[in-house]
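Contents: one structure, followed by commentary.
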Amino acid sequence: MAKVKRSHTQTPMKEQEASVRCHNFEEVALGYTLEEGQLEASRCLQCKNAPCIDNCPVMIDIPGFIKAIEDGDMPKAQEILSKYTNLPAICGRVCPQEKQCEMVCRLGRSKKFESVAIGKLERLVADWALEQPIEYKEADEKKGRVAVIGSGPSGLTAAGDLAKLGYEVIIYEALHAPGGVLTYGIPEFRLPKTVVNKEIERIVAQGVTIETNVVVGKTITMEEIMEEFDACYLSVGAGAPNFMGIPGTSLNGVYSSSEYLTRINLMHGYQFPKYDTPVQKSKNVVVIGGGNVAMDAARSAKRLGAENVSIIYRRSLEELPARVEEYHHSVEEGIQYHWLTNPIEYIGDESGTLKAVKCVKMELGEADDSGRRRPVVIPGSEFIIDADTAIEAIGQGANKVLLDTFPELATNKWGYIDADTETAATSIPGVYAGGDIVTGAATVILAMGAGKIAAKEIDQYIQKEQQKMPI
């Protein structure tokens, strides 16, 4: 491709019009064409000591795959990506690149230019790869057996890497479909289920077995797993919902974001009337929280037909933790915002159904432990918002089903598994853990990074244990 003058701005990606997409669950961003991708790839400076690599949790050779795109060599670009990530089509859509690789892009740090659109280019390559035939790996003699508990991004990453290293890997998933938060948590308009399923098919093709409807701690015990496998990786996520505990929480119409999004995503509520999933038909919806999950819940409610959808956040726009792209999309779709606001009571009617939310205005005081200014209540600022549905998206806690049946495993004061961040090792030899069950709710790419670390450490552990065995 002939060199052109480097553009100051990123090559735009086509999207569904907001007036259209807010009435359907089809993907918002439509992806680059090869020509658009080559144009964007030509903006890369091809840094020798690329900071984008260091700021990627899975250390992708970013300049390498981008140069391959510029040259029009998609097989090479895919080959480079596949060395570092098992889920590129997913990461290209939901990874917060603007806070990681793109944040340190030297082109963007020049202030005259926008950073290279690394995430959009990753998606381009991954989507191309998903259209290519799957090459199934033939079974051969295995180095050992490893159990992975949970089929979310961390578990899938660890399983894929271990399979590449020559291990027999079985993933145990409690739900009826694999994918974890990728399947039950992220809406179709951000991450299509077909993309998740195709990525999982490619991991299975490497020799990984996935068994669904297996609740470790109930269906099978950890003791049985430790007897049958050489090592195991715990990546069960943090799916237990948190609630504020304000008066009226038990009213009909008050949801956790986990339940609301699971009904829509995993139980196909977004495909009504084809699937008659019980999702409340709402007129006035309020969502409490400011992260990506809050955005997902609000934008899903809009697509399900709610007339008025608003997000209540106790801080200001400057502190909003959600991705900037998701915020802008939500505004375009008509989501309203109540900044510096916090709910203090859910108000119900005589039948026990939510009809309004009492809120209070806040102001920002001194910084708290997170480094952000602490919200402080403004006395006498109470007001009412009409609502027949309220969705709390204020974070999630550790799932106790496995942990309660495995008391030998050390946990921290928050109830998460106590695992070494550098090795993923837990208090029990041969048992490793990573992802949200260790860190609390975090990003897909950070969970994947933990999975890569665990796979490497499990390989080393098993080899050392095998060397101890008598010949």
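The values are calculated or read from the model by the stated rules, or taken from the named source; none is laboratory data. Quantities reported herein were computed from a predicted structural model and do not represent experimental measurements. Cβ placement follows ideal geometry from the backbone for every residue including glycine, while neighbour counts extend to all protein chains displayed. Areas reflect the complete protein model, heavy atoms only, side chains present, ligands, DNA and RNA absent. Shrake-Rupley method; radii C 1.70, N 1.55, O 1.52, S 1.80 Å.
Okay, here's what the table says:
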{"quantity": "Yes/no for G352 being within 25 Å of the chain's Cα centre (by Cα), surrounded by fewer than 20 Cβ atoms within 10 Å (Cβ to Cβ) and on the phi > 0 side of the Ramachandran plot", "calculated": "no"}
{"quantity": "All positions within the range 320-337 that are outside any loop (DSSP other than H, G, I, E, B), closer than 19 Å to G119 by Cα and open to solvent by less than 10 Å² (accessible area, probe 1.4 Å)", "calculated": "E326"}
{"quantity": "Matching residues, the range 47-83, being outside any helix (DSSP H, G or I) and of a type in the set (K, R)", "calculated": "K48, K83"}
{"quantity": "Matching residues in the range 315-339 - criterion: being more than 23 Å from the chain's Cα centre (by Cα) and under 16 Å from V286 (Cβ atoms)", "calculated": "G334, Q336, Y337, H338, W339"}
{"quantity": "Total residues in the range 84-121, condition closer than 21 Å to Q206 by Cα and either outside any loop (DSSP other than H, G, I, E, B) or over 22 Å from the mean Cα position of the chain (by Cα) (or both)", "calculated": "4"}
{"quantity": "The listed residue being touching a residue at least 12 places away in the same chain (Cβ under 8 Å), of a type outside the set (S, T, N, Q) and touching a Leu at 6+ places or on another chain (Cβ under 8 Å), out of R303, R315", "calculated": "R315"}
{"quantity": "Any pair with Cβ under 8 angstrom, 6 or more apart, that starts in the range 143-167 at a residue that is part of a helix (DSSP H, G or I) and ends at one that is among the acidic types (D, E)", "calculated": "S154/D436; L156/E199; L162/D459"}
{"quantity": "Top-ranked residue in the range 64-98 [being surrounded by fewer than 17 Cβ atoms within 10 Å (Cβ to Cβ) and free of Cβ contacts under 8 Å to residues at least 60 places away in the same chain; ranked as farthest from L165 (Cα to Cα)]", "calculated": "D73"}
{"quantity": "Near pairs, Cβ below 8 angstrom, 6+ apart or cross-chain, from the range 324-343 (over 13 Å from R190 (Cβ atoms)) to any residue that is open to solvent by 50 Å² or more (accessible area, probe 1.4 Å) and in a strand (DSSP E or B)", "calculated": "Q336/N308; L340/K361; L340/E363; T341/K361; N342/V377; P343/K358"}
{"quantity": "Extreme residue, farthest from K112 (Cα to Cα), among residues of the range 1-50 that are among the basic types (K, R) and without any contact (Cβ under 8 Å) to a residue 24 or more places away in the chain", "calculated": "K14"}
{"quantity": "Residue that is among the acidic types (D, E), within 26 Å of E318 (Cα to Cα) and either open to solvent by 60 Å² or more (accessible area, probe 1.4 Å) or in contact (Cβ under 8 Å) with a residue 40 or more places away in the chain (or both), where the choices are E392, E408, E422", "calculated": "E392"}
{"quantity": "Only listed residue being surrounded by fewer than 16 Cβ atoms within 10 Å (Cβ to Cβ) and in contact (Cβ under 8 Å) with a residue 12 or more places away in the chain, chosen from T209, T194", "calculated": "T209"}
{"quantity": "Where a residue in the range 217-235 is within 24 Å of P153 (Cβ to Cβ) and its partner, wherever it lies, is of a type in the set (S, T, Y) and part of a loop (DSSP other than H, G, I, E, B), with Cβ under 8 Å and at least six apart", "calculated": "G217/T405; K218/T405; M222/T405; L234/T426"}
{"quantity": "Condition met for E363 (open to solvent by 70 Å² or more (accessible area, probe 1.4 Å) and either assigned to a loop (DSSP other than H, G, I, E, B) or modelled with pLDDT of 95 or more (or both))", "calculated": "yes"}
{"quantity": "Y346 assigned to a strand (DSSP E or B), in contact with a strand residue (DSSP E or B) (Cβ under 7 Å, 6 or more places away or on another chain), buried (at least 16 other Cβ atoms within 10 Å of the Cβ) and touching a residue at least 60 places away in the same chain (Cβ under 8 Å)", "calculated": "yes"}
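To keep it simple, each residue is scored yes or no on (1) modelled with pLDDT of 95 or more; (2) open to solvent by 10 Å² or more (accessible area, probe 1.4 Å).
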site	(1), (2)
L124	yes, yes
P133	no, yes
Y136	no, yes
E141	no, yes
A147	yes, no
G155	yes, no
